[in-house]
Amino acid sequence: MGAIEDIYADLDTDVDESEFREAVEQKVEQMDGLADEETAAMLIAHELEDHEVGTISDIEPGMDEVKFLAKVVSVGELRTFERDGEDEDGRVINVEAADETGSVRLAFWDQQAASIADGQLEQGEVLRVKGRPKEGYNGLEVSVDKAEPDADADIDVDLDGPATVESLSMGQSDVNLRGLVLDTDEVRTFDRDDGSEGRVSNLTLGDETGRIRVTLWDEMADRATELDAGDAVEVVDGYVREREGSLELHVGDRGAVEGVDDDVDYDPNATAIDGVEIGETVDIAGVVRSADPKRTFDRDDGSEGQVRNIRVQDDTGDIRVALWGPKADKEIAPGDEVLAADVEIDDGWQDDLEASAGWQSTVVVLDDAATTVGAGAGEGSGASGDSESAGLDAFAEDAGGDAGESATASDGGAVSESGGAETQPTEGEHLEFTGTVVQTGEPVVLDDGTETMAVETGAHVQLGEEITVRGRMDGDRLDAEELF
């Protein structure tokens, strides 16, 4: 055999030898005598090998051309369009295809599209595809140059199973997903490059496998203001994008978010509070021990910000959670069971850890959302992964009664680290109590890490300040005689 035949024989490609030889001749002509046939053959072979991708998840929009195997999930309808300067209309049909790693939209054009519309492609067929990837309107899309059935290939993709948060993958489109509304955000506006104004809002959905952030665009943005935590809904014709390493489900003018009557379970898997570490982004859940008033402050750019601190306790410990921006307006009171998802663990006052709930976080009053904490959510769906799970069920058992009875910012009683009520001080008893100010105003509330104390004092104190108070019990509050 000659050099070209040897190089072609070593290739793992679906390009036939005549096409390969033709490409070699074109390469020699392009290089204008700078390469002989053998060199050109090696260059073509290298280009062909670069086009092979192992899985759909390996495909990137910047690639010139890709080859891969995929199973047909669904076949769309034939659409026609006018081409500039041509009398004949163009035709296109979109096919949703997938493998074990993800899904992709395949765009078939003109004669290929017409053949598919005539029934020459069925759901469940495995195709060997060659095409050009790009970032389409609904995520990753491959414009197909060639596609052939491969009866010998086997791809394990469930065509009949319902979509779940855990099953979503980058580039997936035409997604229908049922879930429970956990949180909603306000509508925001922005300026597009063409000068028009865009609108966007977000909500967070959860199901039995995890949760996902849903982004609603333009006319759909108002839908977030019409829904409440605990509503069961179905997202129709959504598409999956990635933002800062996490998947999001987007809904545009083709999609919808519709209310459903079915029961939808959401079982978050929270990290034990005593197991969180600085720099982590985690989910925590527990009972609110205390809730500070909202505070406002001026940012460097002159705008006004706001923050509110609450202290959340599970059966392993407690932690201060800072609610930033609109989350500071949430109606959260001592005794509420809450989930604070995707919070960042920072170094707080007195070398204490603090959880920061910013724009990317979800804060849910669990009673409102009718959720259950303690069951395991799937990996990569906002769950805590390998961290120890801290469920509210165990905490409620330790608390020895209603969660509202064990939380103390409003009633001034003491709460133990395990969640059970401490023995209450007697009327007129003289006490000394040292703790960190977690609530200012009437009353001041101190927290020493194991219990809280409501204090009557006219002294000015600051959040986060550690103080010692001496005085006598007056009802359920400590009447301060000395403060230092």
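The values are calculated or read from the model by the stated rules, or taken from the named source; none is laboratory data. In this text the structure is predicted, and so the values were computed from the model without any measurement. So basically every Cβ, Gly included, is an ideal-geometry build from the backbone, and we count neighbours across all protein chains shown. Calculation scope for accessible area: heavy atoms of the full protein, side chains included, ligands and nucleic acids excluded. Shrake-Rupley method; radii C 1.70, N 1.55, O 1.52, S 1.80 Å.
Things to note:
- Condition met for R178 (open to solvent by 90 Å² or more (accessible area, probe 1.4 Å), closer than 24 Å to R213 by Cα and not small (G, A, S)): yes
- Check on D84, open to solvent by less than 50 Å² (accessible area, probe 1.4 Å) and among the charged types (D, E, K, R): no
- Applying the condition of being closer than 20 Å to S173 by Cβ and assigned to a strand (DSSP E or B) to segment 250-279 and asking which residue is nearest to the chain's Cα centre (by Cα) yields H250.
- Residue match in segment 32-41 (condition: among the small types (G, A, S), modelled with pLDDT under 80 and either touching a Cys at 6+ places or on another chain (Cβ under 6 Å) or within 28 Å of S167 (Cβ to Cβ) (or both)): no
- Verdict on E244 being of a type outside the set (G, A, S) and without any contact (Cβ under 8 Å) to a residue 60 or more places away in the chain: no
- Criterion applied to D283, D300 was being at pLDDT below 90 and either more than 22 Å from M453 (Cα to Cα) or not aromatic (F, W, Y) (or both), and the one residue passing it is D300.
- Scanning segment 181-209 for residues that are within 12 Å of T362 (Cβ to Cβ) and among the small types (G, A, S) yields one hit, G206.
- Among residues of segment 310-330, those that are open to solvent by 10 Å² or more (accessible area, probe 1.4 Å), modelled with pLDDT of 90 or more and touching a helix residue (DSSP H, G or I) at 6+ places or on another chain (Cβ under 9 Å), counted: 3
- Which listed residue is within 17 Å of P326 (Cα to Cα), open to solvent by 60 Å² or more (accessible area, probe 1.4 Å), among the polar types (S, T, N, Q) and in contact (Cβ under 8 Å) with a residue 40 or more places away in the chain, from T184, T189, T225, T204: T225
- Pairs, first under 18 Å from D346 (Cβ atoms) and touching a residue at least 40 places away in the same chain (Cβ under 8 Å) in segment 280-299, second among the charged types (D, E, K, R) and open to solvent by 70 Å² or more (accessible area, probe 1.4 Å), C-beta under 8 Å, six or more apart: E280/E344; T281/E344
- Index of the failed condition, P293 passing every other in (1) at pLDDT below 90; (2) in a loop (DSSP other than H, G, I, E, B); (3) open to solvent by 10 Å² or more (accessible area, probe 1.4 Å): (1)
- Candidates V92, V72, filtered to the one that is surrounded by 20 or more Cβ atoms within 10 Å (Cβ to Cβ) and β-branched (V, I, T): V72
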